[in-house]
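**Student:** A single structure is presented below for examination.
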Amino acid sequence: MSRLFDRIATGIGRAVDEAVLAATRAPLSRRTPRSTSGPSRSRLLDEATAFYRRPDVLSGEAFFLPPPRPRPHEQRVALLPDGEIVDVTWPSPFEPRWEPARGDYLRHERNRSCWVRMLRHATPRPSLICLHGYSAGHWFIEERSFLARWLYRVGLDVSLFVLPFHAQRAVRSGPPPWPSPNVARTNEGFAHAMYDLQAFARWLRERGAPSVSACGMSLGGFSTALLATVEPLDFAAMMIPVASFAELFWTHGAGRPELRSAMAEGITLARVKAALEVTTPLSRRPLLDAERVLVIDAEGDRIAPREHAEWLAGHFGARRITLPGGHVLLHRGAPLKAIVRRMQELAIFSREGA
């Protein structure tokens, strides 16, 4: 009977994912064709790739630069048993590494501030940074998506981190402009996310956090994987993750006028992958042991295809768990309970109870 319910959940999850994908494709087919004036996309891609594949950039040495110590402003939102909910914000001094991308990137003022909602105990506990998916990040929703109060009750300090161009950092209404097929903005946005996350992790440790771990869903899963290659985390969990945005753009772009037009200009998947290699976790060395990484995917996922989880698990040598459901309809309790169990097995913290 349990397996029957799992198959039903997976079937429904798959159908919902396919409906979401169909809805995102429909408006695109009605857009006005791209203007042919100005530099070609192929030439712009070559110019960006020349920088992002420079040896000192590709190694991360001149790309994932260490951030200065943040000086956050804290505002209490509510009290919790033995703790509080606090909103933390600070200005991000990040600047894009590629000079031609700076003007456009930095004009988005709202994106230049960091925002985190923390559920923290009076005495610092093991900290878990939670990273949301694309077009998400609103705290009311993320508190529920990550079961933040349950994670707090079992003994963790929980931080709901807002990624660039999302929620309070959004620069316009509608879908966020990052990540996107614009390789410069995509690379710089991930450099920005890592810059701010490293600053926050450093601040947590200075406050007395005995450990700093991260988990994320979808875009947040990709960001967690990338963070695990630039920051010495104690544990990293990737749920319904993306492993390569070049592959994802190509998969979901199939049949769209935009992709056909790009291909007509000579743009290929291999060229896009080369341009995005600097921010693709599959191309970078993990900074934590394989046993400290967990990858969780959904059996019916059509938005982040399951091979992405397979690639990440193989790259990190990580344990992989497949659950029933889809990308949109995945019951959050099962993956989060699996994360808590694994963290407990690794003695990162002792569960206090639910």
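**Student:** Quick one: would you say residue 139 is under 17 Å from the mean Cα position of the chain (by Cα), over 30 Å from residue 44 (Cβ atoms) and open to solvent by 10 Å² or more (accessible area, probe 1.4 Å)?
**Tutor:** For residue 139, the condition - under 17 Å from the mean Cα position of the chain (by Cα), over 30 Å from residue 44 (Cβ atoms) and open to solvent by 10 Å² or more (accessible area, probe 1.4 Å) - is met.
**Student:** Hey, could you check the range 234-256 for residues that are among the hydrophobic types (A, V, I, L, M, F, W, C) and open to solvent by 10 Å² or more (accessible area, probe 1.4 Å) and say which is farthest from residue 120 (Cα to Cα)? Even if it seems obvious, please write down each step before you answer.
**Tutor:** The first filter runs over the range 234-256 and keeps only residues among the hydrophobic types (A, V, I, L, M, F, W, C), leaving 235-240, 242-243, 245-246, 248-250, 254.
Going one step further and asking which of them are open to solvent by 10 Å² or more (accessible area, probe 1.4 Å), we end up with 245, 248-250, 254.
Details: 245: 33, 248: 36, 249: 37, 250: 41, 254: 44 Å.
Applying the filter and picking the extreme gives 254.
**Student:** Identify the residue in the range 295-354 that is modelled with pLDDT of 95 or more and among the β-branched types (Val, Ile, Thr) and, among all such residues, is surrounded by the fewest Cβ atoms within 10 Å (Cβ to Cβ).
**Tutor:** 322
**Student:** Sticking with this one: Which condition breaks for residue 196 when tested against (1) crowded, with 21+ Cβ neighbours inside 10 Å; (2) touching a helix residue (DSSP H, G or I) at 6+ places or on another chain (Cβ under 7 Å)?
**Tutor:** Against the list (1) crowded, with 21+ Cβ neighbours inside 10 Å; (2) touching a helix residue (DSSP H, G or I) at 6+ places or on another chain (Cβ under 7 Å), residue 196 comes up short only on (2).
**Student:** Then there's this: Quick one: would you say residue 122 is open to solvent by less than 40 Å² (accessible area, probe 1.4 Å) and over 20 Å from the mean Cα position of the chain (by Cα)?
**Tutor:** On the way: open to solvent by less than 40 Å² (accessible area, probe 1.4 Å): no; over 20 Å from the mean Cα position of the chain (by Cα): yes.
So residue 122 does not fit the description; no.
Quick grid of which residues meet (1) in contact with a His (Cβ under 7 Å, 6 or more places away or on another chain); (2) of a type in the set (Val, Ile, Thr); (3) not in a helix (DSSP H, G or I):
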| position | (1), (2), (3) |
| --- | --- |
| 85 | no, yes, yes |
| 89 | yes, yes, yes |
| 124 | no, no, yes |
| 129 | no, yes, yes |
| 165 | no, no, yes |
| 174 | no, no, yes |
| 178 | no, no, yes |
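**Student:** Which numbered condition trips up residue 213, out of (1) under 28 Å from residue 336 (Cα atoms); (2) part of a helix (DSSP H, G or I); (3) open to solvent by less than 40 Å² (accessible area, probe 1.4 Å); (4) out of contact with any His (no Cβ under 9 Å at 6 or more places or on another chain)?
**Tutor:** (2)
**Student:** Here is a further query. I'd like to know if the range 85-105 contains one or more residues that are under 23 Å from residue 143 (Cα atoms) and in contact with a Leu (Cβ under 9 Å, 6 or more places away or on another chain).
**Tutor:** yes
**Student:** Among the listed residues 206, 188, 231, which satisfies the condition of being over 15 Å from the mean Cα position of the chain (by Cα) and touching a residue at least 12 places away in the same chain (Cβ under 8 Å)?
**Tutor:** 206
**Student:** Would the range 75-98 turn up any residue that is surrounded by 12 or more Cβ atoms within 10 Å (Cβ to Cβ), modelled with pLDDT under 95 and more than 29 Å from residue 150 (Cβ to Cβ)?
**Tutor:** Looking through the range 75-98, none of the residues is surrounded by 12 or more Cβ atoms within 10 Å (Cβ to Cβ), modelled with pLDDT under 95 and more than 29 Å from residue 150 (Cβ to Cβ).
The values are calculated or read from the model by the stated rules, or taken from the named source; none is laboratory data. This one's a predicted model, so the numbers in the text were calculated from it and none came from an experiment. Every residue, glycine as well, gets a Cβ built from its backbone with ideal geometry; the counts of neighbours run over all protein chains shown. All accessible areas refer to the heavy atoms of the entire protein, side chains included, with ligands and DNA or RNA removed. Shrake-Rupley method; radii C 1.70, N 1.55, O 1.52, S 1.80 Å.
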